[in-house]
1. Compute and list, largest first, the equivalent-ellipsoid semi-axes of the chain from the alpha carbon gyration tensor, each √(5λ) rounded to a whole angstrom.
2. Taking every pair of distinct Cα atoms and averaging 1/r, then inverting, what Kirkwood hydrodynamic radius in Å comes out for the stretch 101-200?
3. So if we plug the beta-carbon distance of V5 and S46 into 1/(1 + (r/R0)^6) with R0 = 41 Å, what FRET efficiency do we get, rounded to 0.05?
4. For E255 and E121 in one chain, what is 0.36 nm times their gap in residues minus the Cα-Cα distance, to one decimal in nm?
5. For F247 and E89, what does the FRET efficiency come to when R0 = 51 Å and r is the distance between their Cβ atoms, rounded to the nearest 0.05?
6. Dividing the convex hull volume of the Cα atoms of the stretch 229-299 by its residue count, what figure in Å³ per residue is obtained?
7. How far apart, in nm, are two points set 7 Å out from the Cα along the Cα-to-Cβ line at V59 and at L169?
8. For K21 and S149 in the same chain, what is the full-extension length gain: residue separation times 0.36 nm, less their Cα-Cα distance, in nm?
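The values are calculated or read from the model by the stated rules, or taken from the named source; none is laboratory data. All values reported here derive from a predicted model rather than from experimental measurement. So basically every Cβ, Gly included, is an ideal-geometry build from the backbone, and we count neighbours across all protein chains shown. Side chains are part of the model used for accessible areas, which takes the heavy atoms of the whole protein and leaves out ligands, DNA and RNA. Shrake-Rupley method; radii C 1.70, N 1.55, O 1.52, S 1.80 Å.
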Amino acid sequence: QQKIVLSWEGAHFLKKKQIKKLAKALSPWKVRIVYYLREQADVMQSGLLQQIKSQKKPVSIPAIDTEVVPRKSRDYHRTLKRWQAVFPELTCEAVYFDRGDFPNGDVVFDFLRRLGCDPDEGFRVVEGDINHSLDVPSALALTRQLESSDMDAKSIRSLVDTLLLQIKLHGSGQKHFLSEQQVAELRVHYAESNRQLIEEFGLSDKLVSAPPLVSVDSNSTGSGRLEQQVEEVLARANDLQNYPALFGDMQRGTELGQYLGDGWDDLQSGGIRSNSESSQLRLRPFLQALKPSHDWVHI
């Protein structure tokens, strides 16, 4: 093959020892990095919301007045210099992540363009986000539930899916929770590194000229608006939780009883029989198991 593509967000966090191992494996080839990045205050907030979504235990969202500790892993200039120190003659292409700059507003098409590749015939474009994330009200609702009740992993998984479903049905709330002052402090911290990144790697200056993020207004939270949103999220989620999630794995026997509504006998050795002219099944497909590439679902 003339071109081989390795694509993984986790490469951003590789340690130097791991990068050396990768460099040794790829030594016969000329290596080029296409490095998509987002403004640090933005990605740190969305990253925490994703972390909360995948946690099995409570994770606190920083309060508005809490000091935010900048992370070395979000020093993009330092990251690229670490790779350059290991790979000989490495070509680095830093790209500011802005859908408005991408063909069709899609990073996949931008990536293909930078690789000099055309989409295959019949290439299927996935519209919208695949990796759905929680918003601030639903993340607070989740942490509250985890702190107030003893939930097993499957119950947590079901609740997260319910929260994502209600976002899909009712729209997303605020995505940022840091105050304007905290955002400004983060931007000051990374300012010199970002300037070097722009100068050395030809990155768009949008990284430092991005407009202020929409952040939590302390007056609105003080008046209880955010608390009201959390209560609304929990109420809607509780309604949806009355319909057990079908996770997509094969289920038999007693597990099926949770999906039965009116009109069924109890489970017997030979199965479950209808005892009425109308017999109800009450369930909801597991949202995260329904991929945009799926054409049908078999229940």
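1. 42, 28, 17
2. When all Cα pairs of the stretch 101-200 are included, the Kirkwood radius is 17.8 Å.
3. 0.95
4. The span from E255 to E121 would gain 43.9 nm if fully extended.
5. So, using R0 = 51 Å, E works out to roughly 0.60.
6. Convex hull of Cα atoms, per residue: 129 Å³.
7. 2.6 nm
8. Stretched fully, the K21-S149 segment lengthens by 41.6 nm.
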